[in-house]
1. Considering the chain as a Gaussian network with a 10 Å cut-off on Cα pairs, which listed residue, Gly193, Gly117, Gly56, attains the greatest mean-square fluctuation?
2. Give me the lysines in straight-line cross-link reach of Lys173: C-alpha distance below 27 Å, same-chain residues under 8 apart excluded.
3. I need the trypsin sites (Lys or Arg not before Pro) found in the stretch 84-125, filtered to DSSP loop residues with at most 16 other beta carbons within 10 Å of theirs.
4. Please say if the chain is rounded, prolate or oblate, where rounded means a/c under 1.5 for a ≥ b ≥ c the square roots of the C-alpha gyration tensor eigenvalues, and otherwise the choice is prolate for a/b larger than b/c and oblate otherwise?
5. Using modelled amide H (1.01 Å from N, peptide plane; none on Pro or chain starts), what sits under 5 Å from the amide H of Lys9, excluding residues fewer than 5 places away?
6. Report the longest stretch of the chain that contains none of the GluC sites (Glu not before Pro) sitting in a DSSP loop with at most 12 other Cβ atoms within 10 Å.
7. Pull up all non-local amide H partners of Leu121: gap of 5 or more, or a different chain, and H-to-H distance under 5 Å with H placed in the peptide plane.
8. Taking R0 as 51 Å, what's the FRET efficiency between His313 and Trp52 from their Cβ-Cβ distance, rounded to 0.05?
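Since every read-out is calculated from the coordinates, none of them should be taken as a lab result. Note that the coordinates shown come from a computational prediction; the quantities given were computed from them, not determined experimentally. Ideal geometry is used to build each Cβ from the backbone, glycine not excepted, and the neighbour counts take in all protein chains shown.
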Amino acid sequence: MQALTVIPKKASSAEVADVAEPSPSEGSVLVETLAVGVCGTDMEIVRGDYGWLPPGRDRLVLGHESLGRVVDAPSGSGLAAGDHVVGIVRRPDPVPCYSCAAGEWDACRNGRYTEHGIKQLDGFMRERWRAEPDAMVKVDPDLGLLGVLLEPTTVVAKAWDEIGRVGNRETWKPKTVVIAGAGPIGLLAALLGLERGYEIHVVDQMTDGVKPDLVRALGAEYHAGHVGDALHAPDVVVECTGVPQLVFDAVAAVGVGGVVCLTGVSPEGVDVTVDAGSLARSMVLQNTCVVGSVNANKRHYEAGAQALARADHDWLARLITRKVPLARFADALAHGPDDVKVVVEIAS
Ligand code: BGC
């Protein structure tokens, strides 16, 4: 069967190759891939900046934002042929550490977790994959292709969960939120923030086009410019770009007792100049919290699946700005200014 494979840490190594059918040792449920979303992490892997090979192998199958259809599942597994499912990206470490043992692999303590399509486990950009029933989540079949948005939605479901836990360390009545970045993560963070009843401001560089339109269609405010220009002293800033300068801008912009949540995996080796004393002083004097948030556990997958099922499907459909067949994967990896989510379609 066909798959998009890469050699992690080697630039421009991506190619469609023939790979073996998934082995029954990968799990008892056989899934046919419908579509796989492409995100910044995939681009980093393809550029040779990120990713880890499976042990003993010379290529990794890319893709962690999956949508598939169950072909075969054991009876009693809660899954049946035809169900739409999304594979859970991260798997617990083998020790396991106490977080992985508690099902919180997103908080793995020893770094020995694995991630499909990213770290030591083949991804989903192949015609078929296998996993155990507890390593996938059902999605509402009415979502159709939109089910492919679940994985990025889980990332923001976790971010909102963390923001709430951190903010509630003291009496906290947040109203205003600034989201940096109107990519898929920023837009989905806006969707889930509006559901929580917050006033949402999204900041990005584009002055017009699909991103500002999508923000406004959601009922949030769009600002072209800098994080600090969007709104004075918001209660929460969700940083969704990973751009190092914006991380510091977010910390400087947040209001008293505010929470800054960092969701982007920043590139290494970027120096920025900051007045560290002034930043640290205001963080102390204002009780600022900065929380990094990565990945998602089953609770977040379930919350994400419910949020997508409740959301306006027409708005969600506008997030998928391009669909590309596997053979034209290079087009999928070329990100245009008006691209939000590009999806590789594997089967219809
Ligand atoms: C994925 C996460 C993953 C993270 C770090 C993100 O792009 O969505 O599932 O944990 O990269 O590898």
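1. Among Gly193, Gly117, Gly56, the largest mean-square fluctuation in the Gaussian network model of the chain belongs to Gly56.
2. Lys158
3. Within the stretch 84-125, the qualifying trypsin sites (Lys or Arg not before Pro) (loop, at most 16 other Cβ atoms within 10 Å) are Arg109, Arg112.
4. prolate
5. Residues meeting the amide H criterion: Gly48, Asp49, Tyr50.
6. 1-169
7. Correct list: Glu115.
8. Using R0 = 51 Å, I get an efficiency of 0.90.
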